[in-house]
Amino acid sequence: MNSNVYVVKARYTPQRIPQYRGNPLIEALPPTASNEELVDMLFDLPEFEPSQRDWLTEERLQMVSQLSSFLQPMERHIRLARAFDTLIRSGYVGRAPSTPEHVAIFQALYEALKAGRAFKELLQDIDEKQLSSSLVGMSGTGKTTAIRRIMRGYPRVIHHETHHIYQVTYLHIEAPHDGMSLKGLAGSIFRTIDRLVMRRICPSKARQERCS
């Protein structure tokens, strides 16, 4: 699969919110959508023509499967989209590339690697907020559908040519086949990143070996 379809070139929009200003990772994100724009983005109605009422039963039964993608946005969907947007943007605060803080973190990670020390010992000294959230509900209530619709409003990968980095805005990882084991989860994460980014950075087999 060609990963180029996932990558867009960064276009920066100045931010009014003080903590977001000057951060290219936030400035490259799409503008925060209004309630009306969110409704248009999330709304999904199956295709329908009145003539379908006269179709054969077996054909009309095939059309029923389209209802699985139906979504009528409600207030809770708007709140979820707002929380998702805030989570993404706030997560980049303090992580702007090419800043002294950014360079210091990577230098410390490199030195820890050379010294054979675990990263978790180093990360204890990094004063950055680790934001997280959870969405809990009964199976079949549309949690995954809603999240996928919200994520469609963001590019999968943004290429910052000036900073020589690829920004993965989100990763959607399905639960591993062996449950939520660390090995299965890590494997899913690496495979997804490989599909999104690494095949573009290392298109040939020889280069893939150098990048591994």
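A quick yes/no check of all residues on (1) in contact (Cβ under 8 Å) with a residue 40 or more places away in the chain; (2) surrounded by fewer than 12 Cβ atoms within 10 Å (Cβ to Cβ); (3) hydrophobic (A, V, I, L, M, F, W, C):
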residue	(1), (2), (3)
Leu80	yes, no, yes
His102	no, no, no
Ile105	no, no, yes
Leu109	no, no, yes
Requested in this report: Working only within segment 44-73, note down all residues that are in contact with a Leu (Cβ under 9 Å, 6 or more places away or on another chain) and at pLDDT 90 or above.
Outcome: Pro73
Report task. Collect the residues in segment 136-162 that are polar (S, T, N, Q), touching a residue at least 12 places away in the same chain (Cβ under 8 Å) and not in a loop (DSSP other than H, G, I, E, B), keeping them in residue-number order. Result -> Thr145
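Is it the case that Ala96 is modelled with pLDDT under 90 and not in a helix (DSSP H, G or I)?
Spelling it out, Ala96 is indeed modelled with pLDDT under 90 and not in a helix (DSSP H, G or I).
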Requested in this report: Output the residues belonging to segment 163-178 that are in a loop (DSSP other than H, G, I, E, B) and touching a helix residue (DSSP H, G or I) at 6+ places or on another chain (Cβ under 6 Å).
Outcome: Tyr170, Leu171, Ile173, Pro176, Asp178
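If you check Leu196 against the conditions, is it more than 13 Å from the chain's Cα centre (by Cα), part of a helix (DSSP H, G or I) and either at pLDDT 80 or above or of a type in the set (S, T, N, Q) (or both)? Talk me through it step by step, then tell me what you get.
Values: more than 13 Å from the chain's Cα centre (by Cα): no; part of a helix (DSSP H, G or I): yes; either at pLDDT 80 or above or of a type in the set (S, T, N, Q) (or both): yes.
Here the answer is no, as Leu196 does not meet what is asked.
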Query raised in the report: Which ranges mark the helices (runs of 4 or more DSSP H) fully within segment 18-70 that have 1 or more residues being touching a residue at least 12 places away in the same chain (Cβ under 8 Å) and touching a Gly at 6+ places or on another chain (Cβ under 7 Å)?
Result: 35-42
Requested in this report: Run down Phe48, Phe43 and say which single residue is among the hydrophobic types (A, V, I, L, M, F, W, C) and either farther than 16 Å from Gly153 by Cα or touching a Ser or Thr at 6+ places or on another chain (Cβ under 8 Å) (or both).
Outcome: Phe48
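What are the residues in segment 168-182 that are over 18 Å from Thr144 (Cα atoms) and modelled with pLDDT under 80, if any?
Passing the criteria: Asp178, Ser181, Leu182.
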Report task. Given the conditions (1) assigned to a loop (DSSP other than H, G, I, E, B); (2) under 30 Å from His164 (Cβ atoms); (3) in contact (Cβ under 8 Å) with a residue 12 or more places away in the chain, report the number of the one that Asp85 does not fulfil. Result -> (1)
Report summary line: Restricting segment 199-208 to residues that are part of a helix (DSSP H, G or I) and either surrounded by 15 or more Cβ atoms within 10 Å (Cβ to Cβ) or basic (Lys, Arg) (or both), the one modelled with the lowest pLDDT turns out to be Arg207
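The values are calculated or read from the model by the stated rules, or taken from the named source; none is laboratory data. Worth saying up front: this structure is predicted, and the values here are computed from it rather than measured. Using ideal geometry, Cβ is built from the backbone for each residue, glycine included, and neighbour counts are taken over all protein chains shown.
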